[in-house]
Amino acid sequence: MRLHVFSRPVVRTALAAAVATAGLLGTGLAPGAQAAADNPYERGPAPSNSSIEASRGSYAVSQTSVSSLSVSGFGGGTVYYPTSTADGTFGAVVISPGFTAYQSSIAWLGPRLASQGFVVFTIDTNTTLDQPDSRGRQLLSALDYLTQSSSVRNRIDSSRLGVMGHSMGGGGTLEAAKSRTSLKAAIPLTGWNTDKTWPELKTPTLVVGADGDTVASVSSHSEPFYESLPSSLNKAYLELNGATHFTPNSSNTTIAKYSISWLKRFIDNDTRYEQFLCPLPRPSLTIEEYRGNCPHT
């Protein structure tokens, strides 16, 4: 008969686990419920690579159109939101299109992000020629409408908001985060802005660039944006491999995966998603480069 000998560290580990479980039982919580009790903002089941790469998450999604005639400060848009109210309120994200573009160019992100447990507002801008500073103000106007006047305002936790945008909308994303430091997450997608430095930002920011971008080259836009962010800020730089300036205009698994992870981690404070951001993702067929500071705080 083979004897199994356990070292003292293993015994101590087992003992610690037993004590922890006993503590949970003493509070009336099952072990799986502890994380949810510690973080009331968690939404949805525990994530996996397949769940965040899927075209849809665990929530059924409804949508409603917002006419430009019924709002001021931006050009209307479409709100996507989890149909069920059983889980309480959700964080919210507003997304701006780029120069000369309409909300249809970023529409794929609406249901994809909403199905993971967010209220998402893809907007049109006042004119398609609006510059980044104007788009930044419009993102904030859309957030204010969404949380104060929209038909889904009661589904939203107004303390947990984020912004995203493509091209000049990405530049506008940085402008919005600079103006409203209470925002929890910002994601400029192949962003364009004449301002290259953003040391004032206090919002966790994921900068997404594309290696083949000839409109807003990473060397002139995304990389300087990222490098100028404070070293103490939760920040990351994702450079897409084999991509162009317009890659964010079509359904893209890599953009979705890391956007979902970033929004979950910082809007929902959901540390279950830290595993997809730290250790830093390695170069692959879809990732040219990934930089960041880990672990996130």
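We did not get these values from a lab; they are worked out from the coordinates using the rules stated. Just so it is clear, the model here is predicted, and its values are computed rather than measured. Here Cβ is always computed from backbone atoms with ideal geometry, including for glycine, and neighbour counts include all displayed protein chains.
Quick notes on this structure:
- Most fluctuating residue given options ASN249, ASN269, ASN49, as computed from a GNM of the chain linking Cα atoms under 10 Å: ASN49
- Extension gain, SER228 to GLU274: 0.36 nm times the residue separation minus the Cα-Cα distance gives 14.2 nm.
- Our helix-only sum for the chain, with -39,500 (n - 2.57) per DSSP H run of n ≥ 4 divided by its residues, gives a mean residue ellipticity at 222 nm of -9000 deg cm²/dmol.
- Charging the Cβ of each Asp and Glu at -1 and of each Lys and Arg at +1, and nothing else, the dipole of the chain about its Cα centre rounds to 900 debye.
- Most mobile listed residue (GLU175, GLU53, GLU200) in the chain, GNM with C-alpha springs under 10 Å: GLU200
- Treating r as the C-beta distance of SER84 and SER48 and R0 as 25 Å, the FRET efficiency rounds to 0.75.
- Of ASN193, HIS296, PRO224, farthest towards positive along the dipole that unit charges on Lys, Arg, Asp, Glu beta carbons give the chain: HIS296
- Point-to-point label distance, THR197-SER179, nm (Cα→Cβ direction, 7 Å offset): 2.3
- Charge dipole (the stretch 104-163, unit charges on Cβ, about Cα centre) - positive-most of THR127, GLY110, VAL163: GLY110
- For the stretch 42-198, the relative contact order works out to 23 percent when only alpha carbon pairs closer than 8 Å and six or more residues apart are counted.
- Length gained when the stretch ASP38-SER151 is fully extended (0.36 nm per residue, less Cα-Cα span): 37.7 nm
- Qualifying lysines (Cα of each under 17 Å from Cα of LYS196; at least 8 residues distant if same chain): LYS178, LYS235
- Considering only alpha-carbon pairs that sit under 8 angstrom and 6 or more positions apart, the relative contact order computed for the chain is 15 percent.
- Here the residues SER219, SER167, SER48, SER134, ranked from fewest to most Cβ neighbours within 10 Å of their Cβ, fall in the order SER219, SER48, SER134, SER167.
- For VAL218, VAL61, the sequence from fewest to most other C-beta atoms within 10 Å is VAL61, VAL218.
- Ascending count of other beta-carbon atoms within 10 Å, so fewest first, for ASP38, ASP133: ASP38, ASP133
- Among the listed values [x] -0.30, -0.39, -1.16; [y] -0.58, -0.69, -1.28; [z] -0.36, -0.44, -1.09, the one computed from these coordinates for log10 I(q)/I(0) by the Debye sum over Cα atoms at q = 0.08, 0.09, 0.15 Å⁻¹ is [z].
- Förster radius 22 Å - calculated FRET efficiency between TYR102 and THR64, Cβ distance, rounded to 0.05: 0.80
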